[in-house]
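What follows is calculated from the coordinates using simple rules that are stated; it is not laboratory data. From a predicted model like this one, the values you see are computed outputs, not experimental measurements. Cβ atoms come from the backbone with ideal geometry, glycine included; neighbour counts cover every protein chain shown.
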Amino acid sequence: MDATNNATAAKLTVGDKSWEFPIKKGTIGPDVVDISKLYGQSGMFTYDPGFTSTASCESQITYIDGDEGVLLYRGFPIEQLAEGGDFLETCYLLLYGELPTAAQKADFDHSVTRHTMVHDQMNRFFNGFRRDAHPMAIMVACVGALSAFYHDSTDISDPQQRLIASIRMIAKMPTLAAMAYKYSIGQPFVYPKNDLDYASNFLNMCFAVPCEDYKVSPTLARALDKIFILHADHEQNASTSTVRLAGSSGANPFACIAAGIACLWGPAHGGANEAALKMLTEIGTPDRIPEFVNKAKDKNDPFRLMGFGHRVYKNYDPRAKIMQQTCHEVLTELGIKDDPLLDVAVELERVALHDEYFIEKKLYPNIDFYSGITLKAMGFPTTMFTVLFALARTVGWIGQWKEMIEDPSQRIGRPRQLYTGAARRDYVAMSKRK
Ligand code: SDX
């Protein structure tokens, strides 16, 4: 949609005053009106709570076409990356902008692999938590605490330190995530193994025990690696915007990623995969689907179909399609013939996609709709679902953080407001208050 018809400026007229603002064009996707001078020229702010019509930055990392259901990482379609490469290749692509050569890939894999251990004193952190602490609470705490251990990579003005912090974050998230899981089930931590690939290493740290050898299923490792690719980055979503805003003050990258984890935890965002599985479990059987679909359509009922709808996708989330295929692969590999939750999910999707309410509001399954069923089948508890989302999204967060820090026009983010509170009034002494 070319709304600007090649115009180079937008004109705003208020009463007898007019102002012109430049239109900036991207490679693909909507043009933007640069209103950075609006307040200085007109004394007015724009108003866009939820940022439905606001571009917060310029970026070259990820492109989404919500109407067409398209997702590109550095121009490459998500479907091709998920099929053709592995997660660390996607990490390299998101960080550096190009697909790695074989030598570059080997070097990157080697570098990440050799940063997978965490400082052994991190273990003491875990002993402060109750065993039933939500692992996302543990992740927010421990990732933030990494700043206390890695002072040699918190100077964000040093490109080398920014790079090592990026590698450390990508490398250590699986180790911390697995530790959070092991702690919750009272099993000893399993150290990373340098002879395993990224996804296999994570599965081994989660499911191996000291008493016997654990053999990672190559099919499950490949499926998990693909799930990580699907979750790696997604433009300026809520948690990425949180990381960018935190980073704009000069905060160190570990603290910024901890802020992103906190934001992702919400059920409207990354917490939806945990909430979607809980919803499917509560529905229980296909015959109860109409009851829940009616609740989701009822304006007076706050219930929403978790894993459905999206701020940007007004078409099928391309990741959800791959997620559904991966779900079937995992269930087949595990010999799970008929998973009642999958039966409910497939029927719920069919009913919703034929319902006028969902059609009119363009509500489709998103990435969180099928991921929970897959992760549950792999043996992860629902409380770990968003942890895995955070693990995979770390490369997107750190890549967007790095792009922001390296943008010469970067300055602290400081939005304004529409104030509707009390106008100036004088203090009233206690004796005079009614
Ligand atoms: C992620 O931004 C990203 O890119 C996020 C993400 C990423 O990779 O980073 O893709 C990951 O967070 C995916 C989304 C996961 N969340 C959920 O599945 C939770 C359920 N979905 C909704 O809460 C909702 O769809 C959002 C939060 C995802 C989007 O909310 P919006 O864009 O603010 O849309 P909205 O709430 O204004 O809804 C528009 C209309 C409303 O009805 P009206 O007020 O216009 O009458 O659609 C309705 C909503 O009530 N609606 C739903 C619905 N989602 C929206 N009705 C029932 N069930 C739903 N799931």
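Listed values, structure above:
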| quantity | calculated |
| --- | --- |
| Ranked list, fewest to most other Cβ atoms within 10 Å of each Cβ, for Trp265, Trp401 | Trp265, Trp401 |
| Label-to-label distance, nm, for residues given as Ala55 and Ile336 (7 Å Cα→Cβ offset) | 4.2 nm |
| Across Lys172/Lys321; Lys25/Lys321; Lys297/Lys376; Lys105/Lys226; Lys278/Lys376; Lys182/Lys402, pairs whose alpha-carbon gap is larger than 22 Å | Lys172/Lys321; Lys25/Lys321; Lys297/Lys376; Lys182/Lys402 |
| Cβ-Cβ FRET estimate between Ala148 and Arg114, R0 fixed at 22 Å, reported to 0.05 | 0.55 |
| Dipole magnitude (debye, nearest 20) for the chain, charges at Cβ of Lys, Arg, Asp, Glu | 2020 debye |
| Residue exposure sequence - Thr52, Thr394, Thr281 - by fewest surrounding Cβ within 10 Å | Thr52, Thr281, Thr394 |
| Ranking of Ser249, Ser59 by count of other Cβ atoms within 10 Å, fewest first | Ser249, Ser59 |
| Highest average packing first - 282-292, 267-277, 123-133, Cβ atoms within 10 Å | 267-277, 282-292, 123-133 |
| Relative contact order computed over the chain (Cα-Cα under 8 Å; 6+ residues apart), in percent | 19 percent |
| Formal net charge of residues neighbouring Gln80 (Cβ-Cβ distance under 14 Å; K, R +1; D, E -1) | 0 |
| Cα lying deepest toward the dipole's positive end in region 284-434, options Gly335, Asn300, Gln417, charges on Cβ | Gln417 |
| Kirkwood hydrodynamic radius over Cα pairs of region 84-408, then Stokes diffusion coefficient at 37 °C and 0.692 mPa s, in µm²/s | 161 µm²/s |
| Cα-based helix-to-principal-axis angle, 368-378 vs the chain, degrees rounded to 10 | 20 degrees |
| Relative contact order of region 261-311, pairs being alpha-carbon contacts under 8 Å that are 6 or more residues apart, as % | 31 percent |
